[in-house]
Structure formats: structure tokens, C-alpha cells
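The next block holds one structure in the form of C-alpha cells; read it before the comments.
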Amino acid sequence: MFISLPEKLVMEKEQYLSKLSSYQKLSVGFKAYLNYSIWQTDFSRMEKISFNSIELGRFCYLAKGFGRIFIYDTENEKEITIMFFQSQDILPDLKSISKYVQGQLFIQFSENTTLLSIPIKHIDNMHKLFRESATLCAEINAEILAKIINILTGLKIQNAEQRLNKLLDFFPTVFSQTAVKDVASYLGIHSSTLSAMRNGNKKHTR
């Protein structure tokens, strides 16, 4: 459930607008409309949400928290981690994507998380008033698509250790936030293989 933005999140609100401005320069009017429309949603540690049944809004921004996006493979009865996200990341529009995905698409928060977004009730009006909102959507979607392409490219041309090192460059705390099996799923390897890799790295650094 959406709740009004408390005063203590004024700084996060400013950071959110700054993040959106990093994609393109926002007009004064558009920025004011976004500032007026921002709402906050809080999630508990390990809370899991299906995008077939919930809509988080648009321009979803993690003011605080960490988590992952995964697909539940019903045929093999397992979770397949697609990507991780952390504070100051913008999430993809997963509600729209979910209808094209084979399997059920979920988001899970591995710690208490605060999400800022623009509620759906404001979106149609925003698009009518500000044409630049469409290009902002396009820029955000392009960045997310590029991230997914980079992940897929890594699976094709990098070995498991290289993929792990690249993941740790972007998410250095991933093992303190996420189960080994979920990291292994993201890397495309078995969890026992990942455990062996980590143990080997520890021995080399002693």
C-alpha cells in the first residue's frame, strides 16, 4: 500500500529527482509535477512480490535497500535470479514485462527497503502534460535493457570466476545480502561450484 512521503525522506526525494535528471534534463514544470506525485512504499526483509498481481508504479527508485529480480521456473520448480539491485537503482517496469515472460516474475527484498515511485493514477495525466516523460521512460528502459544485454554477454564470453568478479565490482555486499544459491543462479553455475570458488579465493588471499 502506498503511503504519503514523510519529512525524514526529503533527502531521498531530492536524490530520486536527481537520479531521474541524470537520464535527461527535466523541465521546471515536469520536475515540479514529479515532486508532487512521489509516493513511498516500504517493504520488509525477505518480502517477496509477484508482478502478476501487483503494480509498484513508474520510475521505481530504491531510496534504501537491496534485493533481486527472479523468475520461478514451474517446470523445474526453482528460482532463476535475473538481476540484483541496490540503493539508488531504478527498477524496470516489471508489471508490463511480466505478461511476456515464461514463468512468474518476482521481486524479493533481502533487507528492509524503501521504494519511491510515481503512482499509476498520475501516469496518464503526466504523459498528456509533459511529452518529455515519454523520452524519460525510453532512456530508463534503454539503460535496463543494456544491463540485461551485458549480463547475457557475460554468460556467453566470460567464465564463472570472471562473472563473479564483475558481480562483486557492482555489488560488493551481495553475499551478506543474498543466499549463495541465488548468486549461483545469477552466475549460471551450481551453488556447490560457487562455494568451492569462494573457498579457493579465501585460501589464495591468506
Projecting the Cα atoms of L26, Y16, P92 onto the charge dipole of segment 1-113, where Lys and Arg contribute +1 and Asp and Glu -1 at Cβ, the residue farthest towards the positive end is L26
Once normalised by the length of the chain, the mean sequence separation of its alpha carbon contacts under 8 Å that are 6 or more apart gives a contact order in percent of 23
Expressed as a percent, the accessible surface of the chain that is carbon or sulfur, using a 1.4 Å probe and the full set of protein chains, is 53
Other residues with Cβ under 11 Å from the Cβ of Y23 give, with Lys and Arg +1 and Asp and Glu -1, a net charge of -1
Averaged per residue, the 1.4 Å probe accessible area of segment 108-183, protein heavy atoms only, in Å², is roughly 57
Expected sort for 55-64, 26-35, 155-164 on mean C-beta neighbours within 10 Å, highest first, is 55-64, 26-35, 155-164
Quick shape check on segment 58-109: root eigenvalues a ≥ b ≥ c of the Cα gyration tensor, a/c under 1.5 is rounded, otherwise prolate if a/b tops b/c, else oblate, and it reads oblate
Options (i) 18.3, 60; (ii) 18.9, 64; (iii) 16.1, 50 for Rg and Dmax of the Cα atoms in Å; the value derived from the coordinates is listed as (i)
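The values are calculated or read from the model by the stated rules, or taken from the named source; none is laboratory data. This one's a predicted model, so the numbers in the text were calculated from it and none came from an experiment. Neighbour counts run over all protein chains shown; Cβ positions are idealised from the backbone, glycine included. Calculation scope for accessible area: heavy atoms of the full protein, side chains included, ligands and nucleic acids excluded. Shrake-Rupley method; radii C 1.70, N 1.55, O 1.52, S 1.80 Å.
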